[in-house]
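Single-structure report; data block below.
The values are calculated or read from the model by the stated rules, or taken from the named source; none is laboratory data. Note that this is a predicted model, so its numbers are computed, not measured. For neighbour counting, all protein chains shown are included, and Cβ atoms are generated from backbone atoms with ideal geometry for every residue, glycine included. Accessible surface areas use protein heavy atoms only, side chains included; no ligands, DNA or RNA. Shrake-Rupley method; radii C 1.70, N 1.55, O 1.52, S 1.80 Å.
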Amino acid sequence: MNLPIISAKQFWIAAIVLHLLGFLQAWHTSSIYLVDSIDYLSQAENIKLHGSLYAAPWLEPIKPDYFSFRPPVYGFLIYCIKALVQTDYAILFLQLLISLSTIWGVLKFAKELGLKQNNTKLTLLITLILYPSQIIHCNFVMSDILFQSLLFWAFYFTYYLWSEPNFRKSILAVVFFAIAMLTKPVAFLLGMTIALILFFVFLIKKRLKYLLPFLLLPLLFHGYSNYNKSITGYYHYSSVTPIFVLKYMAKYTNGQIHGEAYADSIQERIMQTANAAKTYQERYEYMNQKGKEILWQEPATFIWFNLKGWLAFMLDPGRFEWVHFLNYSEGNYLGLYHVINTQGVVNGIIQFVSNAPLGLLLVLFICFLSNIGIAIAFLHTIFNKNCTLVLRLCLFLFAAYIIGSTGVLGLSRYRIAIAPFCWLSLLYFITFIYSKRQHVTN
């Protein structure tokens, strides 16, 4: 039995309709803001009115961390859009277009890899239906869809730079790495990490000259850190680092052993001292130090917590975004990963299922099964020797970097960044299965 064949026209009509349905749902509910949205909208307004990258409301009490909490690209993009159109829905519409451009890039790359196009278009369309987080995140005032696109094109040009080195590919890869660095702080070491690996590869092949454009990345890091020093008095790239270490990694590690209440009390005590610091440098270093001390006290728990987070990262069906996208009241309906970590596996699952709306629970179950399939396909592609070594390494390095940097929280939202890599591996996997079946049939 052959798979149904859909044309490029049919695919794009369906993909556009799916995106427009998501846009209309967001328009209907007006549920387009998450907690972080306030930061980006505030930053855009502060760029306009005060020439500042401060990412919190200007007239409210000062939050010292927020002078370097959000890099400038997404806030500046919002500022540019709202200078033309005074509605936040214009931001969502632009994100719709960015998402479609990334999907186009995935299909383009799949074609260049020689994957069967009839299979890829149908598979990707089904994936968009079964992985609705892509459509949902287009309709939040958040930087995730933009960051996803930047990361994909950085990956695309890195693959071709690695395979067939030349300056054009190197420059384009660096451009996308640089913009990604200034969109989300999590990316600030990605380009330099890739450059370091390519250094050893190109050293053997005597092609180091093609890495010269990558020198822009440490210069950009230094320039932006100096800018933050001029504002805060302390040389650093982003205040996200100590916040993430203390308020997430250390807090949840503590909570694994002593419970949520104890972890909150320890964090509150540390923050009282941090808030009393005379300089921002003291505040930053104190938060970072205390967070790391907690992690070093319980290394085994921290490692186990990371492993669970990485698994949840790949499998999380997206309860958080569904609840907000549909404008549901969260109430006692907390995330499964959170309640398992704070109340244990059995009690956590019981609470999650008993508080979940039945319809949403069914949707999440379907998404969960889909994510299992995608995760299997990703692992298969990484370890499939029939897949080119360069592609496997690029998929692994980009995905591992994002998973290692953010996966401790186990959130579907962060998987948006590597969704195109998951799609590519799925397309490769389906093509592999289809080829095997044809071989057996013949």
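Just a few scattered comments:
- Most to least accessible of Trp304, Trp162, Trp296 (protein chains only, probe 1.4 Å): Trp296, Trp304, Trp162
- Computed from phi, the 3J(HN,Hα) profile of segment 206-214 under the Karplus parametrisation 6.51, -1.76, 1.60 (θ = phi - 60°) reads 6, 10, 4, 4, 6, 8, 4, x, 5 Hz, with x in place of Gly and Pro.
- Scalar couplings 3J(HN,Hα) for segment 226-234, obtained by applying the Karplus form with A = 6.51, B = -1.76, C = 1.60 to θ = phi - 60°, are 5, 4, 4, 5, 5, 8, 9, x, 9 Hz; x denotes Gly and Pro.
- Over the chain, dividing the summed -39,500 (n - 2.57) contributions of all DSSP H runs of at least 4 residues by the number of residues returns a 222 nm mean residue ellipticity of -24000 deg cm²/dmol.
- For Tyr237, residues with placed amide H under 5 Å, excluding near neighbours: none
- Model label sites at Phe200 and Trp304, defined 7 Å from Cα along the beta-carbon direction, differ in position by 3.2 nm.
- Neighbourhood net charge (12 Å Cβ-Cβ; Lys/Arg +1, Asp/Glu -1) for Tyr131: -1
- Projected label distance in nm at Lys436 and Lys48, using a 7 Å step from Cα toward the beta-carbon: 5.5 nm
- Accessible area per residue for the chain is 47 Å², calculated with a 1.4 Å probe on protein heavy atoms, without ligands, DNA or RNA.
- Sequence-distant aspartates and glutamates (8 or more away, or on other chains) whose Cα lies within less than 15 Å of Lys205: Glu164
- For the chain, built as a Gaussian network whose Cα springs stay under 10 Å, the top-fluctuating residue of Pro299, Pro165, Pro61: Pro61
- Within a straight-line Cα-Cα reach of under 21 Å, Lys206 can be paired with the following lysines, leaving aside sequence neighbours fewer than 8 residues apart in one chain: Lys169.
- Taking label points 7 Å from Cα along the Cα-to-Cβ direction, Ile376 and Ala8 give a separation of 3.3 nm.
- In order through segment 43-57: 3J(HN,Hα) via Karplus (6.51 cos²θ - 1.76 cosθ + 1.60), integer Hz, x for Gly, Pro: 4, 4, 5, 6, 4, 5, 8, 10, x, 10, 8, 4, 10, 8, x
- Relative contact order of the chain, taken over Cα pairs closer than 8 Å and 6 or more residues apart, is 19 percent.
- Percentage of interatomic Cα-Cα distances in the chain larger than 40 Å: 19 percent
- Carbon and sulfur %, accessible surface of the chain computed with the full protein complex present, 1.4 Å: 67 percent
- Heavy-atom accessible surface of Trp58, to the nearest 10 Å², is about 100 Å², with a 1.4 Å probe and all protein chains retained.
- Residue-span extension gain [Gln25 to Thr87] - 0.36 nm each, minus C-alpha spacing: 20.7 nm
- Within the chain: Cβ-based charge dipole about Cα centre, in debye rounded to nearest 20 (Lys, Arg +1; Asp, Glu -1): 1620 debye
- Listed residues Lys229, Lys247, Lys206, most fluctuating in the chain (Gaussian network, C-alpha, under 10 Å): Lys206
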